[in-house]
1. For the range 685-724, which positions are closer than 19 Å to residue 655 by Cβ and of a type in the set (D, E, K, R)?
2. Hey, could you check the range 524-555 for residues that are loosely packed, with under 14 Cβ neighbours inside 10 Å and outside any helix (DSSP H, G or I) and say which is modelled with the lowest pLDDT?
3. Give the residues of the range 733-773 that are open to solvent by 60 Å² or more (accessible area, probe 1.4 Å), more than 57 Å from the chain's Cα centre (by Cα) and at pLDDT below 90, sorted by residue number.
4. Inside the range 559-611, can you point out the residues that are within 22 Å of residue 437 (Cβ to Cβ), at pLDDT 80 or above and in a helix (DSSP H, G or I)?
5. When you go through 451, 434 one by one, which is the residue that is surrounded by fewer than 21 Cβ atoms within 10 Å (Cβ to Cβ) and touching a residue at least 24 places away in the same chain (Cβ under 8 Å)?
6. Give me the residue from the range 718-732 that is in a loop (DSSP other than H, G, I, E, B) and over 14 Å from residue 694 (Cβ atoms) and, out of that set, most open to solvent (accessible area, probe 1.4 Å).
7. Return the residues of the range 511-523 that are open to solvent by less than 30 Å² (accessible area, probe 1.4 Å) and part of a helix (DSSP H, G or I); say none if nothing qualifies.
8. Within the range 628-663, take every residue that is at pLDDT 90 or above, acidic (Asp, Glu) and in a helix (DSSP H, G or I) and give me the one that is nearest to residue 677 (Cα to Cα).
Amino acid sequence: MKPLAERTAGADAPSTGNGAAALRTVATVAVLAAVIAALHFGQGILIPLALAVLLSFALAPLVSRLQRWRLPRVPAVLLVVALAFAGIGAFGIFVGSQLGQLANNLPTYQQNILAKIHDLQSATPKGGFLDRGTRLLQEIGQELEALQGTPEETAEPGVPAERQPVSVRVEEGPTTPFEVLESVALPVLAPIATAGLVVVLVIFMLLEREDLRDRLIRLAGGDDLHHTTEAMDDVARRVSRYLLMQLVVNATYGVPLGLGLWLVGVPNAVLWGLLATILRFIPYAGPFIAALFPVAMAVAVDPGWSTLLWTVGLILTMELISNNFIEPWLYGASTGISTVAILLAAIFWTTLWGPVGLLLSTPLTVCFAVLGRYVPQLAFLHVMLGSEPVLQPQERLYQRMLAGDAEEGEAIAESMLREQPLAAFYDEVALPALRLAERDRQRKVLTGARLAAATDCFLRVVEELVDYEEVDAEGRHETRDMLGRNIACIAGRTGLDSSAAAMLAQLLERRGAAVRVLPAEAVSPAGIGSVDLEAVDLVCIAYLGATGVAHARLACRRLRRHAPHARILVALLNSQLDADHDHADAGSLGADLHAVSLAEAAKRIEAMEPAAFDSPMIAAEVPGNEDARLAVLEDLAILDTPPEARFDRITRELARSFEVPICLISLVDEKRQVWKSATGIGPDEPHEASRETSICAHVVAADEVLVIEDVRKDRRFANNPMLKERGIRFYAGAPLRAGDGLVIGSLCLIDTRPRSISPRDRTVLQLMADEVMREIRRGRRETSEDEGQRETA
């Protein structure tokens with residue numbers, strides 16, 4: 001048993017971990033509260049600083065441009081700041097003059113407004129909504145006047161007059177000059193002082209820009225200068241681009257609006273256009289405030305209603321054009337923050353700093369989003385505020401499959417198919433989503449009903465894409481190059497493999513093939529006998545699991561025995577492959593083709609020779625001297641004899657010299673071929689095969705060296721079941737000549753990948769075949785001498 005101290009420590013470990021997590025949570029909340037409090041109570045210092053930084057970002061490109069024009073730094077900064085604040089001052093003066101002109105015309109506007117009210121009253125029936133509202137307001141006004149009557153008038157009934165409360169009036173003494181200064185001068189001087197502080201800060205920030213940048217880099221980045229510099233450059237780029245694009249967008253709105261209002265006849269049209277340009281810097285509220293002034297003027301300036309209707313129509317038209325065309329084109333994703341984040345930031349900063357906070361909300365939010373992108377501890381800010389998707393497309397699709405939401409999965413597929421073809425969507429989005437499901441299945445976190453539901457959702461999404469019509473870049477529809485081909489797509493092991501097989505089947509069907517999708521039981525030992533593959537030309541097996549290589553080898557062997565005429569493609573579709581999987585190819589799997597993606601599988605099947613589908617296996621012709629050849633073979637007495645070291649030594653050395661995995665001494669009998677020596681074939685494997693499927697029989701019939709560089713491209717052997725089962729791709733055989741043109745077999749080299757040999761190698765192979773024949777004759781002589789000695793004895 002463990003000591004008491006160890007058991008106590010083990011029992012307290014979870015509570016200690018929970019306590020540490022709780023402490024971290026409390027610390028985080030405390031830090032956030034302290035930051036918010038500092039922002040609120042320090043706004044007197046932080047607001048001028050934030051305004052100065054914002055103006056510095058806006059004016060820095062102009063200063064840099066003047067410096068490139070050979071103007072020194074100090075004059076460039078002073079000139080830019082002077083022009084900027086002179087423009088702000090000129091704008092203020094212009095607005096003041098326009099407002100003064102507007103005030104002079106108020107009596108005229110008042111008459112127009114009263115006339116419109118009378119028109120509304122006359123247009124509405126007595127007792128209508130407007131009439132009832134007017135009477136209600138009048139009654140409320142009368143009640144308020146009654147409450148403000150004299151004490152005598154408001155005396156309570158039944159109470160003697162002498163007991164009524166005596167009214168007391170407090171009169172203030174004469175106002176001192178200091179009180180006048182405090183009440184009048186300070187509210188005017190405070191904004192002026194703030195503006196002066198902002199001007200001074202902007203000048204010094206522009207003059208000392210590089211020094212401030214270096215100090216911030218050292219303060220924030222320490223030794224990690226790369227990330228700190230990248231973050232600061234990103235902030236400057238995003239804020240500058242935001243200000244520039246917002247100015248362009250606002251100008252494209254304000255200038256046409258002012259011109260349109262002038263044409264409509266709204267007074268002070270230039271003023272309303274300029275105000276619209278400036279007010280639209282304020283998120284969300286700005287456009288409504290900017291629209292309120294010209295609408296109010298349209299109501300006041302015209303006794304009729306036409307000016308108001310034209311003004312409202314103009315504003316709505318400009319809003320539609322700006323929001324749907326100009327902003328997506330120019331403004332777009334210049335800030336890198338989401339729309340919801342902009343709205344929440346506007347509410348947050350307005351609550352803290354008032355109208356100035358509303359103006360600064362977007363630039364400040366950009367800064368925090370960039371911090372979250374480059375500072376690991378603040379990564380949650382990037383997730384909360386950023387406009388980039390936080391889930392990859394394959395993660396979104398898998399999440400919808402887990403939730404059983406096939407409809408949204410179909411919507412994701414349709415949105416992705418607008419930008420990429422179907423095969424690319426399957427390989428880049430759907431297959432990675434299936435791999436995530438396969439990973440969770442292997443981790444035992446996706447099992448039972450949830451696994452079945454996710455698989456069903458995947459299949460439903462694939463089925464919904466059956467009618468999707470794909471067009472290539474030149475406007476042509478999909479080709480139909482596989483017409484007449486019968487293909488079976490089989491799941492390797494699981495239901496998720498069935499989804500991959502269904503996707504491959506859909507890609508092949510779009511190319512004209514007739515495809516069946518079969519479950520994993522179709523290649524199991526118990527189920528393969530019940531599957532009808534007689535009319536199938538090609539079998540495709542899909543695997544998502546990284547350990548599917550061994551299962552694929554067994555499945556290919558079963559298919560070779562059950563459907564020897566069919567070709568086999570193995571699709572190993574998991575990107576995280578083990579060592580065995582990395583080196584897997586068609587030959588080692590016992591298949592005809594091998595692919596690691598659905599698009600590759602479809603292309604390889606499409607590129608297959610037509611002969612691979614409709615050409616039967618061609619057996620070798622029987623030579624004319626067949627009886628004499630068989631008599632010589634029988635006389636040599638070498639068939640069905642045990643292996644001999646002298647022959648094994650020859651095949652082993654020959655396989656090593658030619659770098660092939662298999663080297664055989666093959667003897668061709670009447671109905672079979674027998675391997676006297678078989679380097680590369682295990683002792684437990686069969687050492688003979690049917691003569692009908694033998695390539696060596698073709699060597700016997702031709703009596704010459706036969707080299708086949710790629711078995712699958714040769715019509716005689718493309719559908720040879722024995723070659724398919726063993727994955728043979730290359731063959732080179734030299735005849736074993738017994739004399740008088742009698743060939744009893746061949747010495748052959750075999751590889752599981754295509755290759756070629758030189759004429760010199762062909763000569764060497766024939767010389768080694770002659771050497772094998774000499775060993776066979778010598779062995780026959782030794783056997784005859786032994787028999788003679790036994791007979792003599």
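The values are calculated or read from the model by the stated rules, or taken from the named source; none is laboratory data. In this text, all values refer to a predicted model and were calculated from it rather than measured experimentally. Note that we place each Cβ from the backbone using ideal geometry, even for glycine, and neighbour counts take in every protein chain shown. Heads up: the accessible areas ignore ligands, DNA and RNA and are worked out on the full protein's heavy atoms, side chains in. Shrake-Rupley method; radii C 1.70, N 1.55, O 1.52, S 1.80 Å.
1. 685, 709
2. 535
3. If the condition is that a residue be open to solvent by 60 Å² or more (accessible area, probe 1.4 Å), more than 57 Å from the chain's Cα centre (by Cα) and at pLDDT below 90, then 740 is the only one that fits.
4. If the condition is that a residue be within 22 Å of residue 437 (Cβ to Cβ), at pLDDT 80 or above and in a helix (DSSP H, G or I), then 598, 599, 600, 601 are the ones that fit.
5. When all the criteria are applied, what remains is 451.
6. 729
7. Hits for the range 511-523 are 520, 522, 523.
8. 648
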